[in-house]
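Data block below; observations after.
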Amino acid sequence: MAAGRRWGIVLLCGLLGACANVGYLPSEGQGVLLPAKPGTKRVVDGMDVWTRGGPDRPAWVLGTVTETRGKGPIGGGGTLLGLVKQAKKRHADAVILLQKQSQWVGDAIYEFVLPDWEVNREALLVVYRHSQGAAGSRVAGRPR
């Protein structure tokens with residue numbers, strides 16, 4: 001294989017691998033039970049995503065997820081679907097958006113600049129507290 005083609009494949013793999021950066025911090029200690037309060041939500045891929053306020057029923061906080069994506073042609077921008085995917089992976093019932101931030105980033109290589117936008121999202125992953133009497137529901141205590 002020609003050296004130029006090999007470097008092209010390595011560069012492409014590096015660019016595709018750097019599209020999204022996801023971090024997760026589980027809640028520690030006693031756990032936090034959020035009280036029910038009014039809010040607005042969207043349903044994304046079958047999961048509640050609370051955009052303002054909070055859930056309309058008590059919920060346990062599982063942890064915080066952060067996602068950073070580029071808005072360029074490869075990154076595709078930060079999406080709610082990415083957060084929902086992480087929430088489902090951790091068996092959450094809903095996502096509560098905390099913040100969304102966009103920033104201008106770029107690298108200077110000699111005098112050539114490669115600018116791009118980057119989107120950072122942060123959200124809480126929660127499990128709804130179900131009543132003890134409901135058949136087939138989760139335990140009313142803190143989830144493990």
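The values are calculated or read from the model by the stated rules, or taken from the named source; none is laboratory data. Computed from a predicted model, the values in this text were never measured in an experiment. Here the Cβ positions follow ideal geometry from the backbone for every residue, glycine too, while neighbour counts run over all protein chains shown.
Scanning the stretch 40-56 for residues that are on the phi > 0 side of the Ramachandran plot and part of a loop (DSSP other than H, G, I, E, B) returns 45, 46.
Across the stretch 59-83, the qualifying residues are those that are touching a Gly at 6+ places or on another chain (Cβ under 6 Å) and either surrounded by fewer than 17 Cβ atoms within 10 Å (Cβ to Cβ) or modelled with pLDDT under 80 (or both), and the one among them that is nearest to residue 125 (Cα to Cα) is 69.
Count of the stretch 19-39 residues, restricted to those that are at pLDDT below 80 and in a strand (DSSP E or B), is 3.
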